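Undergrad: Here it is: the structure, laid out below.
The values are calculated or read from the model by the stated rules, or taken from the named source; none is laboratory data. Quick caveat, the model's predicted, so the values are computed rather than measured. Here the Cβ positions follow ideal geometry from the backbone for every residue, glycine too, while neighbour counts run over all protein chains shown.
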Amino acid sequence: MNKVKLVLAAIVVAVISVEIHAQVGKSLGVVDVNTVSEKELAIFPNMTPAITKALVAKRPFMSITDLNTFLLAQGLTQVQANEFYGKAFVHINLNTAPAAEILLVPNAGKRMAHEFDEYRPWRSYAQFDKEIGKYVKGDATAKLAQYTFIPANANTASDEILMTIPGANAALVARIKAGRPYKDAAALEAALAKGSTDAEAKRVARYLVVQP
């Protein structure tokens, strides 16, 4: 029994130590609802001037379910909200998103809610293409990936990876790197908040994890 425990522990350590090639899924036309301009939002499906202004004032949304609740409260039906998600979305964390979030990804459905969960932890989009490609064909994997992200390690992520965070610029990348090494998520958020609001710091922190 002790030998079995030791083997299992070694496997866990090995898995954790594998470098995660994390990033935000490449957009094929879908924009991040938290960073897109008000002018662009206004032309998306089912947006009225009133809803657009209210949405911008409410940002940032920390999850797609938060956005969905907001849109329904503005009088949109679920069908209308889903049409909007074909243009703008709040990325879901491939490794932690609950089924309720995955089901709001256009064309995901219950099967993808199961598959996204089954192959966790996700470590790269090459892995995503391989595993999800077993169930969908053509460019369908890329269309699904654009709604997702795999958290990057705030302590080691390259500039290229950090720049995939929606709204990222050279100043944000420099601020993240200047605070290294981070001991925990609270330290990361504190560093991010130095150049922005607490809410914006939390939005950016969503895309990151703190690992040694």
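For (1) in contact with a Gly (Cβ under 9 Å, 6 or more places away or on another chain); (2) crowded, with 19+ Cβ neighbours inside 10 Å, each residue gets a yes or a no:
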site	(1), (2)
N155	no, no
D159	no, no
Y182	no, yes
A187	yes, no
L208	no, yes
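Undergrad: Of the numbered conditions (1) surrounded by 16 or more Cβ atoms within 10 Å (Cβ to Cβ); (2) farther than 19 Å from V209 by Cα; (3) touching a residue at least 40 places away in the same chain (Cβ under 8 Å), D139 fails exactly one; give the number of that condition.
TA: All conditions are met except number (1).
Undergrad: Pick out the one residue from A142, A154 that is more than 22 Å from S63 (Cβ to Cβ) and aliphatic (A, V, I, L, M).
TA: Values: A154 fails: more than 22 Å from S63 (Cβ to Cβ).
It is A142.
Undergrad: Same structure, new question: Taking the range 116-136 on its own, how many of its residues are surrounded by fewer than 20 Cβ atoms within 10 Å (Cβ to Cβ) and either over 27 Å from T35 (Cα atoms) or in contact with a strand residue (DSSP E or B) (Cβ under 8 Å, 6 or more places away or on another chain) (or both)?
TA: Within the range 116-136, residues that are surrounded by fewer than 20 Cβ atoms within 10 Å (Cβ to Cβ) and either over 27 Å from T35 (Cα atoms) or in contact with a strand residue (DSSP E or B) (Cβ under 8 Å, 6 or more places away or on another chain) (or both) number 12.
Undergrad: With respect to V15, is the statement that it is part of a helix (DSSP H, G or I) and either of a type in the set (A, V, I, L, M, F, W, C) or modelled with pLDDT under 95 (or both) true?
TA: yes
Undergrad: Report, by residue number, each residue of the range 162-187 that is in contact with a Ser or Thr (Cβ under 9 Å, 6 or more places away or on another chain) and touching a residue at least 60 places away in the same chain (Cβ under 8 Å).
TA: Matches in the range 162-187: P166, G167.
Undergrad: If you go through the range 19-41 one residue at a time, do you hit one that is assigned to a loop (DSSP other than H, G, I, E, B), surrounded by fewer than 17 Cβ atoms within 10 Å (Cβ to Cβ) and among the hydrophobic types (A, V, I, L, M, F, W, C)?
TA: Scanning the range 19-41, I find at least one residue that is assigned to a loop (DSSP other than H, G, I, E, B), surrounded by fewer than 17 Cβ atoms within 10 Å (Cβ to Cβ) and among the hydrophobic types (A, V, I, L, M, F, W, C), so the answer is yes.
Undergrad: Among the residues of the range 57-77, are any surrounded by fewer than 18 Cβ atoms within 10 Å (Cβ to Cβ), among the polar types (S, T, N, Q) and in a helix (DSSP H, G or I)?
TA: Yes, the range 57-77 contains a residue that is surrounded by fewer than 18 Cβ atoms within 10 Å (Cβ to Cβ), among the polar types (S, T, N, Q) and in a helix (DSSP H, G or I).
Undergrad: Still on this model: Those residues that are over 16 Å from H91 (Cα atoms) and among the hydroxyl-bearing types (S, T, Y), I need them from the range 114-143; list them, please.
TA: Residues satisfying the conditions are Y119, Y135.
Undergrad: A follow-up question, please. Within the range 179-209, count every residue that is hydroxyl-bearing (S, T, Y) and touching a strand residue (DSSP E or B) at 6+ places or on another chain (Cβ under 7 Å).
TA: 1
Undergrad: Among the residues of the range 144-161, write down those that are among the small types (G, A, S) and either more than 21 Å from I92 (Cα to Cα) or free of Cβ contacts under 8 Å to residues at least 12 places away in the same chain (or both). Give the steps one after another, and end with the answer.
TA: Residues of the range 144-161 that are among the small types (G, A, S), as a first pass: 145, 152, 154, 157-158.
Within the range 144-161, just S158 meets the criteria.
Undergrad: Taking I102 and the conditions (1) surrounded by 21 or more Cβ atoms within 10 Å (Cβ to Cβ); (2) in the same structural domain as N46 (by TED's automatic domain parsing); (3) β-branched (V, I, T), which numbered condition does it fall short on, given that it satisfies the others?
TA: It fails just one condition, (2).
Undergrad: When you go through A97, A81 one by one, which is the residue that is of a type in the set (A, V, I, L, M), closer than 13 Å to I64 by Cβ and over 18 Å from the mean Cα position of the chain (by Cα)?
TA: Numbers: A97 fails: over 18 Å from the mean Cα position of the chain (by Cα).
Only one candidate passes the filter, namely A81.
Undergrad: Every residue in the range 78-118 that is closer than 27 Å to V56 by Cβ, aromatic (F, W, Y) and part of a helix (DSSP H, G or I), please.
TA: Within the range 78-118, F84, Y85 qualify.
Undergrad: Right, another one. Provide a single number: the residues in the range 188-207 that are in a helix (DSSP H, G or I), touching a residue at least 60 places away in the same chain (Cβ under 8 Å) and within 14 Å of the chain's Cα centre (by Cα).
TA: 2
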